[in-house]
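The values are calculated or read from the model by the stated rules, or taken from the named source; none is laboratory data. Everything numeric here is computed off the predicted structure, so don't read it as measured data. Note: ideal-geometry Cβ built from the backbone for every residue, glycine included; neighbour counts use all protein chains shown. Side chains are part of the model used for accessible areas, which takes the heavy atoms of the whole protein and leaves out ligands, DNA and RNA. Shrake-Rupley method; radii C 1.70, N 1.55, O 1.52, S 1.80 Å.
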Amino acid sequence: MAKARVANTRLAGLIAEAGLSHAHVARIFVRVAMESGAEEFAGVGRSHVSHWVGGTRPSGRAPLILCEALSRHLGRNLSLDDIGLAGPASPAESTFSNGLDWHVDPLNALTSPADPGRDDVDLEHRRVLEAAAYSVAALTLPDQPWWQRMAERRGARSTRGSRRVGSGDVGAVGDMAAMFSRIDQRRGGGHARSAVVQYLTADVAGYLHGTFRSEQVRRDMLSAAGEIAYIAGWMTFDNCEHATAQRYLTIALKLAAEADDPPLAGHILRALAHQALDLGHHRQALDLATASVSGDRYARASHRERALLGVIHARSLAVTGHRQAAAALLRAEDDLAAAGAGEAEPDRVFFFGEASLAHETACALRDGGDLSGATREFRRSVRTRKAALFTRTHAVTLGYLGSVQIQQNDVEQACLTWSAALDSMDGIRSGRTRQVASDLRELLAPFQRRGIKLVRELDARAATYLASVP
């Protein structure tokens, strides 16, 4: 005899608390699913929600998406238990916990090199990461005692591996981080990101499970591992795989906290804020950016890194309507001006100079409604960048400049700018350049019927680029 379903009273109670109908819950669910790349749930409707309330468990990653949808609407971070869907977890749910739960050991989110059949495990690990949903609720940072506990965890770890890890190994990981960063800047996050993930889950995970020659080496390796995890997250973010990027960036932040490396933690918080800005989660972006410039994360950072943290903080202030944005921009300019040739700087900020500051300043001005100022700063960014070294960002800057120009009804100049952007995209694999090409087609669509030759040519070139990149 079939076992009768038990109604999910927790889910029903939260839906009632939110004042939502089952149809409205379904619409929110589908919106979150689409944002997370979970197109298989596009057809979810009222009847699905009614079945879930009636006791049917959603399949696959749907519990995570439903949890995120209700968390956003209610403004607090709900767990699967809160919505009545705890119990035997799917692989996607387990990895969601490992990646985003602040209290889960970051080393457990990476594959142990001692696992049998590790190649298969690595592949499954990546597939599961890619299956999870981007979580706005998980952007809520843990309280101050958490940071202290993470730093204390480092000394409490027991040695399990037979590999001896020394300062030379730390240097090797740093060299790999520098190489991958330069590939990202030139060719975009779509190139080599799978190699970064493989290196992180194999070689770097192996180091983290090894025996360290000194406590300082352990701390330095945790920082180096955090940088590799950050690069994996940043490259995946650049390729617009936002759920996966969020998980790697969160793992990176945990590693930086365990290493007690505040500047690195600030750098990663800045990346999470940047991602939240691009996805339209402005309040959360401001919280993250504010945390990135707080305390030792800013005070112990080099002047160049302070400028990078500061300009994203300024962007977050601008888009949320805070008048302090102008002062934050000025401070970022002062910090960059103070960066001297003799100052010790981490390699991770090698790309940040006048062109990058101008690009982010332009974004802040654009988001604050100052289109003339944004045009001026985007032009300065284009003029001062070494395009051959930073090709991806150069193409994105030109794309953004064209979008601002079209908003100012300067169609001819926008077309010329976008033509230069498409020229720069040759060989670039980046979600952000794909978005530029998609946006220019959408913004030029109203001008197609006017028979403007340059518009037709640009649309065709953009379509060709979009068809040529995954």
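Proximity of backbone amide H atoms, modeled 1.01 Å from N, is registered between F212 and V165 at under 5 Å, excluding neighbours fewer than 5 places apart on the same chain.
T393 sits with roughly 30 Å² accessible to a 1.4 Å probe, with DNA, RNA and ligands left out of the calculation. Rounded to the nearest 10 square angstrom, D334 shows an accessible area of 100 square angstrom against a 1.4 Å probe. The smallest convex shape that holds all Cα atoms of the chain, its convex hull, gives 170 Å³ per residue. Please give the net charge around G174, taking every other residue with its beta carbon less than 11 angstrom from that of G174, where Lys and Arg add +1 and Asp and Glu add -1. Charge balance in the 11 Å sphere: -4.
The 1.4 Å probe gives accessible areas that order E377, E333, largest first, as E333, E377. Note: relative contact order over the chain, using C-alpha pairs below 8 Å and six or more positions apart, is 11 percent. Give me the distance between the Cα centres of the stretch 341-397 and the stretch 178-197, rounded to whole Å. Using only Cα atoms to place each centre, the spacing works out to 19 Å.
Taken one residue at a time, the phi angles of the stretch 341-354 give Karplus couplings (6.51, -1.76, 1.60, θ = phi - 60°) of 4, x, 7, 5, 10, x, 4, 4, 9, 4, 7, 8, x, 4 Hz. Gly and Pro are set to x.
At 1.4 Å probe size, put W418, W102 in order of accessible surface, largest to smallest.
Correct descending sequence by accessible area is W102, W418.
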